[in-house]
1. Separation between the residue 298 and residue 368 pseudo-spin-labels, each 7 Å from Cα along Cα→Cβ, expressed in nm?
2. Would you give the gap between the C-alpha center of the range 276-297 and the C-alpha center of the range 146-181, rounded to a whole Å?
3. Cut-off 10 angstrom, C-alpha nodes, Gaussian network model of the chain. Which of 178, 353, 219 fluctuates the most?
4. Residue 287 to residue 220: FRET efficiency via 1/(1 + (r/R0)^6), r the Cβ-Cβ distance, R0 51 Å, to the nearest 0.05?
5. Collect residues whose amide H, placed 1.01 Å from N in the peptide plane, falls under 5 Å from the amide H of residue 95; neighbours closer than 5 in sequence don't count.
6. Among the aspartates and glutamates, select those whose C-alpha is under 18 Å from the C-alpha of residue 299, and discard any that sit fewer than 8 residues away in the same chain.
7. Please give the helix 258-278 orientation as an angle from the longest Cα principal axis of the chain, in degrees from 0 to 90, rounded to the nearest 10.
8. Calculate the spin-label point distance for residue 354 paired with residue 410, positioning each point 7 Å from the Cα along the beta-carbon direction, and give it in nanometres.
Amino acid sequence: MKNLFIITLITLGFSANAQEVKELSLKDALTFALENKAEAKKAKLNVENSDHQIAEVRAMALPQISLNGGLTYNPILQKNALPGSFFGGEEGSIVLVPLGQKWSSNGTVSLTQNLFNQSVFTGLKAARSTREFYTINQQLTEEQLIEKVSSCYYQVYISKQQLGIAENNLASTRKVREIIKGQFDNGLAKKIDLDRISVKASNLEAARLQLSNAVQLQENTLKFFIGMPMGQQIKLPENTMEVTADAFTSKAEIENRTEMSLLKKQEQLLGFQKKTYQAEYYPVLSLSANYGYLGQGTKMPLGGKPNDVFWSDFSSIGLNLHIPVFNGFSTRSKVRQAEVSLKKIEEDIKDTELALNYQFENAKTQLNNSIINIKTQKENADLAKTVLENTKNNYVNGLASLTELLDAENALSEAQNNYTTAQLEYKLAEIQIIKSKGELKNLVN
């Protein structure tokens, strides 16, 4: 019984932890995404992998050392035709003499060192630029993740606000229904009025359920974007949609954009690729050296007696020079393809610059319109609230019809939703303005 009680307490403890609600600010969501989302992790791994790529290219400039060994058995030795006079025979005679031994074994150590190889030197420069490319790409990946998470975060907030509006409207309608029901019970209201307000309450309840589902879907999307477990309960703090002037800027900072930096780094890498192809025109000079032992005899050299196996060492040092003369215009074709790739990246840079300016101008226009719209919709919402309160009083006092009351409620609901939508449009435009200045990472700091 005691054990059962302990197990029950442990189970309740796990359940309590599973239901713990985490307050998630925008900064918290962005930090969590950068630490846990797969895209961010893979971008960091690409930067780490670039160090190994640099080491791989650097290896081409370092000495290459290898150990080699072999054991050979010759069941039938090849015979060579030699002059018989060499062995004391008659002049002009031929003697077939076997050369070599039944067994031979060798072990060598070889060294090769590039002394001049233009493609290796160019590859080292390109490798360092490749690391810079992956570093910039990591930054771009993080910025894209910040943009995506921020937009989703604000959409969750708006959905929650709309749900709150729906719940308030439902509560208000239910209060009106209770008033009408009381009047109906006392013979002061018509049955049709009670039915109409009941239908309105049912419709609002259905709308509330739909919005509640929408909030859950938005929250799940946010959790997916930041890499958070679906079972984690979250809540957003208040005043998330504050309108500030921090986002305003007179012009887009195109040069500071990560997209431009990445394209320019790609252009630099394509330039190195062209130089690598051009390096095929250059001669290649290398040093080679080896040293080894050779054992020959009638018995297996390994473990053989000294009289059966004869050992000798050997060594050689050489310079190797390779001068390309003609390869069927293969190198020329590669260089021309690289030049075409460079021209294409130049067009990409121009098009991207145009696209970034286009996005900035649209965001700036949307931001200005949103600020005006926020002010207008806030005034409309306040006015609609006042109209609804006055209409309620007038209806209770018999000075307004139920139709006027329902119209006032609809007007308030529409004005409040328009206000929250204007806030969302402002925040989405604000993200684009911050992005145009290359300051998305500031949302995390």
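The values are calculated or read from the model by the stated rules, or taken from the named source; none is laboratory data. None of the values given here were measured: they were computed from a predicted structure. Please note: Cβ atoms are built from the backbone with ideal geometry, for glycine as well, and neighbour counts cover all protein chains shown. Accessible surface is based on the protein model in full, side chains and every heavy atom, while ligands, DNA and RNA are left aside. Shrake-Rupley method; radii C 1.70, N 1.55, O 1.52, S 1.80 Å.
1. The two pseudo-label positions are separated by 10.6 nm.
2. The two parts, judged by their Cα centres, are 77 Å apart.
3. 178
4. Details: r = 64 Å, r/R0 = 1.25.
For residue 287 and residue 220, the calculated efficiency is 0.20.
5. 82, 84
6. Answer for residue 299, where 18 Å is the Cα cut-off: 308, listed by chain and number.
7. 20 degrees
8. Taking the simple label geometry, residue 410 and residue 354 are separated by 4.7 nm.
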